[in-house]
Amino acid sequence: MEPRQPTATRAPARDTTVEELLGMISRLAANEPHPRCRPGEGPLAPVALALNELSARLEARRTSSHELFGLETLVAQSPVMMISVDADERIRFMNYTLPGLSLSEVVGRRLYDFTAPEQVEVIKSNVRAVLETGESRSYEVRSPLPIGPEWYGAKVAPIRSEGQVVGCTLSLMDITDLKKTQFRLERSNQALDGFASVASHDLQEPLRKIQTLSDRLRTTCADSLGAEGRDYLERMNNAAVRMRALIDDLLSFSRVSSRAQPFEQVDLQQIAREVLDDLETVTEQTRASISVGALPVLEADPMQMRQLLQNLLSNALKFRRDDVAPCICIQGTVDAGKQQLQLRVEDNGIGFDEKYQERIFALFQRLHGRSKYEGTGIGLSICRKIAERHGGSILARSTPGQGSTFIVTLPLEQRGPV
């Protein structure tokens, strides 16, 4: 009898374990795309099969809408493209997808698989910043597709679970019309800036001639003019000086936006020292004392920060009380949570009634007569425009006869386009 040949034996299937089931339940609870559990053998195998069936049903629900008038319908028909991304930068949900792709083909894949190569770094830097800091960010992006909107405004916001950032959302809104309007306004502003420069030159030249001729007339014919003639001549010359100052201030106001410089790191303490040097003569003449507290470094336009401080200090020196030496204090307080600077310029001047709070920041508005306080009424308007250009604000607190405090709030870091 021939010896029996040994037969191959199949390794027994491994039993489904409790750890595998718990891991599957965790993935389901986290709403991960396409989670699956090994069926295995043993008494727990039916539970694994049931969890896989539940996962398939949940996946089907993720890509379909069951409620006609519910949240899913609102999201699906929103004009805003909404995407949720997990901590691994994988797409977990989209309310609608790119042309030619179904939702099931997108969910679970990396966000950058559907991003134009030239835009990957911009989007990646914003997404990772939100995942790392938990702070929302916004940016603009041009669509690489030949169809659909040309420009999108994007906002990236964190998704939190038990205090931890576990992902983020991307909201993309069509801003094509807004960008076209922006470009038209920029072209218009450039044209206006050119016109303003030409107009200022054309207006300044006759004013200079008026002043030159009036000076010659005063020098050569003062005796023959008489008292009344000399008075007319003086008033004519003063009017020409005010007109030149008005033109210069209007140009300064218009150039806050049209000739703005890029934001950079600015040492406000150094800016304050330079402004004080510039105002040294008037400070000595008025016997003013000016104290400057600690001021931080912030992201800003250095020339405009200089203009802001100079206008506020000049304002405090100008509107002083009779026979009282000006006492001015500049202080800066940083709110670390909000990442904001509150800049305060306090004086002991004549003050004003706070019912005129808005009026003092409007163009050409004056609370006092020109005979006592010189100026065009534009300085504080420039301060407000500078603060708003930096994403900040300005307000004033005052009591007549007891001085004023101007409070400028500015972000320490600029996060949007200038």
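The values are calculated or read from the model by the stated rules, or taken from the named source; none is laboratory data. All values derive from a computational prediction rather than experimental measurement. Cβ coordinates were reconstructed from backbone atoms using ideal geometry, including for glycine residues, and neighbour counts include every protein chain displayed. Protein only, heavy atoms only, side chains kept; ligands, DNA and RNA dropped before computing areas. Shrake-Rupley method; radii C 1.70, N 1.55, O 1.52, S 1.80 Å.
If you check every pair at least six apart or on different chains, which have Cβ atoms under 9 Å apart with a residue in the range 90-101 that is over 19 Å from R128 (Cβ atoms) first and a residue that is small (G, A, S) and at pLDDT below 85 second? Pairs that qualify, where the first residue is over 19 Å from R128 (Cβ atoms) and the partner is small (G, A, S) and at pLDDT below 85, are N95/A76; N95/S78; Y96/A76; Y96/S78; P99/G148.
Being in a helix (DSSP H, G or I) and out of contact with any His (no Cβ under 9 Å at 6 or more places or on another chain) is the requirement here; does A294 meet it? For A294, the condition - in a helix (DSSP H, G or I) and out of contact with any His (no Cβ under 9 Å at 6 or more places or on another chain) - is not met.
Would you mind stating whether V120 is of a type in the set (A, V, I, L, M) and under 27 Å from the mean Cα position of the chain (by Cα)? Steps first, answer last, please.
Working: of a type in the set (A, V, I, L, M): yes; under 27 Å from the mean Cα position of the chain (by Cα): yes.
Judged against the criteria, V120 is a match.
Output the residues belonging to the range 126-140 that are open to solvent by 20 Å² or more (accessible area, probe 1.4 Å) and not in a helix (DSSP H, G or I). Answer for the range 126-140, where residues must be open to solvent by 20 Å² or more (accessible area, probe 1.4 Å) and not in a helix (DSSP H, G or I): E135, S136, R137, S138, Y139, E140.
Taken together, the criteria place R109 among residues that are of a type in the set (D, E, K, R) and touching a strand residue (DSSP E or B) at 6+ places or on another chain (Cβ under 9 Å). Select from the range 44-103 the residues that are of a type in the set (S, T, N, Q), assigned to a loop (DSSP other than H, G, I, E, B) and at pLDDT 70 or above and write down the one among them that is most open to solvent (accessible area, probe 1.4 Å). Going through the qualifying residues, I end up with Q77.
Give the residue, chosen from Q269, Q265, Q310, that is in contact with a Leu (Cβ under 9 Å, 6 or more places away or on another chain), assigned to a strand (DSSP E or B) and modelled with pLDDT of 85 or more.
Numbers: Q269 fails: assigned to a strand (DSSP E or B); Q310 fails: assigned to a strand (DSSP E or B).
After ruling out the rest, the residue left standing is Q265.
All of V292, V345, V297 fail the test of being open to solvent by 70 Å² or more (accessible area, probe 1.4 Å) and at pLDDT 90 or above, apart from V297.
To keep it simple, each residue is scored yes or no on (1) open to solvent by 40 Å² or more (accessible area, probe 1.4 Å); (2) more than 30 Å from M81 (Cα to Cα); (3) modelled with pLDDT of 70 or more; (4) of a type in the set (F, W, Y).
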| site | (1), (2), (3), (4) |
| --- | --- |
| D177 | yes, no, yes, no |
| D193 | no, yes, no, no |
| V198 | yes, yes, no, no |
| D202 | yes, yes, yes, no |
| L207 | no, yes, yes, no |
| I210 | yes, yes, yes, no |
| R216 | yes, yes, yes, no |
| C221 | yes, yes, yes, no |
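Filtering G375, G416 for residues that are under 15 Å from S314 (Cβ atoms) and either modelled with pLDDT under 90 or part of a loop (DSSP other than H, G, I, E, B) (or both) leaves a single hit, G375. Among residues of the range 241-257 that are closer than 23 Å to H390 by Cα and open to solvent by less than 40 Å² (accessible area, probe 1.4 Å), those with a Cβ under 6 angstrom from a residue that is modelled with pLDDT under 70 and among the hydroxyl-bearing types (S, T, Y), sequence gap 6+ or separate chain, pair up as L251/S200.
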